[in-house]
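In what follows, a structure is listed as structure tokens, so that the remarks can point back to it.
Just so you know, all these numbers are worked out from the coordinates, no wet-lab data involved. Just so it is clear, the model here is predicted, and its values are computed rather than measured. No Cβ is skipped: glycine too gets one built from the backbone with ideal geometry, and neighbour counts run over all protein chains shown.
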Amino acid sequence: MNIVVCVKYVPDATADQKFESDNTVDRVAVPGLLSELDEYAVEQSLQLKEKSDDPESVSVTALTVGPEQAVDAIRKALQMGADKGVHVVDDAVAGSDAPATSKVLAAAIQKLAQEGQSVDVVICGMASTDGAMSVVPAMLAERLDLPQVTLGSVVESQGNQFRIKRDGDTATEVVGATAPLVLSVTDQSGEARYPSFKGIMAAKKKPLETMSLSDVGVDASEVGLDAAWTAVEATEARPPRTAGEIVTDEDGSGATALVGFLASKKFI
Amino acid sequence: MSEILVLVDHADGAVKKPTYELLTIAKRLGEPSAVFIGGADKADAAVEAVKKYGAEKVYVVDDSEIKGYLVAPKAEALQQIAGQASPAAILISSSAEGKEIAGRLAIKLESGLITDAVDVQEGPVTTQSVFAGNFTVQAKVTKGTPIITVKPNAATPEESAGAGTVENVSVTVSDSAKKAQIVASQPRESSGRPELTEAAIVVSGGRGTGGNFEPIENFADSLGAAVGASRAAVDSGWKPHAFQIGQTGKTVSPQLYVAAGISGAIQHRAGMQTSKTIIAVNKDEEAPIFELVDFGVVGDLHTVLPAATEQVIQRKG
């Protein structure tokens, strides 16, 4: 079984994220890392491998699309235990929107499949921690014409049969499909492992392939900022909140002050 | 005037409030047309409901053939209706499913997609709140039919009588859209409280509750508020994930947000930072949540909230 786990290199959410002058996310000046939510996808791909009857026959490939530094996201996945990495890197990709990103990912997955390794499972995180649109897994399923089994908080498999638990707003559902398929998992699916020292050392020797757009068969004119199907017209930093009033509770004074505040704002 | 398609968000025929918000926005952009995908026996009630908020036309899709499958058939249904109506925009609720339907539809129609809009004005030009609420972004779709998913509370629903002309649509769903099957479904039990993302007031508890949510729930009930939880509280198993507010849970933007026993990590801030008024109760005066608040109490939520609850009830008489 071949598993492809899609990972994204994102600006650190705890750093000061900002925009470039062309209104794209600054992916260079702000320190980046593997999107935390993709760690859950890597974890589930490794668990699928470990739980399989013959783990040696299962291969986990970490795939990313992004600038040079995005290779760090793949390295992290390799350190966690993925077997190999594929990095689609091309200057033309910068500024791509979700439809273009999903196009490049889908093309890379098809390319891997053509190279003689069928792709049985594509696993994604529930969302990126930067754009946070949460649509790429659905778009991938659409583009690859594969069953979409997304937002799983629990993943179970038996042979090529997969089932997830999906916690919706109005119901909790069990969704099932037969591989090949596209899976996405939430942050409820199980803590992601930390790379061990052994894993970090082993990662250095794992194969890491770099592909350009032409390698995966996507025309440069179809991706990037100019080809995006949406345009950001303006970005504005939210003004900082003005400091509020803070009181310290002593013998019930806190509750009285709190209720006084609620009344002054007409909440009661 | 061009049609604006609004996908009706409903629970077994009961139309949800965000649908009325979408119809109100649709009226700014063109002629609102609702798309109801659901049980044929529920359609009449749904049509009556959306008519009151300006739906001139209602496309009704009987879902008996497709309701057992995840997302894909709904995207195909919308694609077929869009092909017939040539709408100027398509509006969908920013729920998990709504965004997935929108994502697939964008690829099908080769059209630009904007998710999580907090406002939509003529153009359509959207406003989004990004990077944990630290930036606002104005954007528009430049290709195809604008597909926009809109967050709850993006507009105040305005009643306005529409013709509500029903058009029954029989959609053909491909076999490949029926590959992800919903094997079982357990409806969520109603708490009787307002829905988290739609509530005007939200009271949330975190690690500081120590697992006892009673003070949170009682205070919420005295204010008619929804109850939320931080990731720490959810990870501890004190509340189901549906209560989680933050980056990987729900984003709320109520008139009033009360954070009790929540430190205010970036993960949580991402889900509540755009609330109009913020109150925190926390034992730790150094908790980062106090940087955001309009009013804060340094104190134990287990004594402060019950006392406050009693006073609120008294004042309300």
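Below is a table of values for the structure above.
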| item | result |
| --- | --- |
| Unit charges at the beta carbon, dipole of the stretch A:116-268: most positive-side option, A:F197, A:G176, A:A138 | A:F197 |
| Flagged links, alpha-carbon separation over 24 Å, of A:K266/B:K16; B:K74/B:K108; A:K8/B:K99; A:K8/A:K103; A:K266/B:K283; A:K8/B:K250 | A:K266/B:K16; A:K266/B:K283 |
| Mean Cα-pair separation over length for the stretch B:174-281, i.e. relative contact order, pairs under 8 Å, 6 or more apart, % | 26 percent |
| Compactness of the protein assembly as shown - radius of gyration and Dmax, Cα, Å | 23.9, 74 |
| Cβ charges +1 (Lys, Arg) and -1 (Asp, Glu), total dipole of the stretch A:93-235, debye | 740 debye |
| Reduced Cα scattering model of the stretch B:266-317, Debye log10 I(q)/I(0), q = 0.16, 0.24, 0.26 Å⁻¹ | -0.56, -0.96, -1.02 |
| Candidates A:V42, A:V28, A:V88: whichever shows maximal mean-square fluctuation once chain A is modelled as a Gaussian network with Cα springs under 10 Å | A:V28 |
| Inverse of mean 1/r across different Cα pairs in the stretch A:126-181, Kirkwood, Å | 12.1 Å |
| Relative intensity, log₁₀ I(q)/I(0), of chain B from a Debye sum that treats every alpha carbon as a point, q = 0.07, 0.09 Å⁻¹ | -0.31, -0.51 |
| The stretch B:94-143-the stretch B:155-226 distance, computed between alpha-carbon centres (Å) | 20 Å |
| Anisotropy class of the stretch A:133-268 from Cα gyration tensor, a/c 1.5 cut | prolate |
| Unit Cα scatterers, Debye sum, the stretch A:73-187: log10 I(q)/I(0) for q = 0.14, 0.16, 0.22 Å⁻¹ | -0.64, -0.84, -1.49 |
| Farthest toward positive dipole pole in the stretch A:26-130 [+1 Lys/Arg, -1 Asp/Glu at C-beta], among A:A62, A:V119, A:Y40 | A:V119 |
| The protein assembly as shown, helix-only ellipticity at 222 nm - DSSP H runs n ≥ 4, -39,500 (n - 2.57), divided by all residues, nearest 500 | -8500 deg cm²/dmol |
| Size of electric dipole in chain A: Cβ of Lys, Arg +1 and of Asp, Glu -1, about Cα centre, debye, nearest 20 | 480 debye |
| Shape of the stretch B:94-167, Cα gyration tensor, a/c cut at 1.5 | oblate |
| Highest-fluctuation residue, B:I81, B:I147, B:I182 considered, GNM on chain B with Cα pairs under 10 Å | B:I182 |
| Cα gyration tensor shape for the stretch B:23-110, rounded if a/c is under 1.5, else prolate or oblate | oblate |
| Among B:S94, B:Q80, B:A180 the positive-end extreme of the charge dipole of the stretch B:61-186 (Cβ point charges) | B:A180 |
| Cα centre as origin, Lys/Arg/Asp/Glu Cβ charges: the protein assembly as shown dipole, Debye | 260 debye |
| Selected from A:T24, A:T230, A:T14 as most flexible by GNM, with chain A as the system and alpha-carbon contacts under 10 Å | A:T14 |
| Proxy reagent accessibility, fewest Cβ within 10 Å first, across B:Y69, B:Y53 | B:Y69, B:Y53 |
| Kyte-Doolittle mean at least 1.6 and Cα axial length at least 18 Å: DSSP H helices in chain B | none |
| Between the stretch A:128-147 and the stretch A:178-232, the Cα center-to-center distance that results, in Å | 12 Å |
| Per residue Cα convex hull volume in Å³ - calculated over the stretch B:179-224 | 133 Å³ |
| Cubic angstrom per residue, convex hull over Cα atoms of the stretch B:162-317 | 179 Å³ |
| D (Stokes-Einstein, µm²/s), Kirkwood Cα radius, chain A, 1.306 mPa s at 10 °C | 78 µm²/s |
| Surface/4 estimate of mean projected area, convex hull on alpha-carbon atoms of the stretch A:1-107, nm² | 7.0 nm² |
| Kirkwood-type radius of the stretch B:1-152, with distances r between different C-alpha atoms, in Å | 15.2 Å |
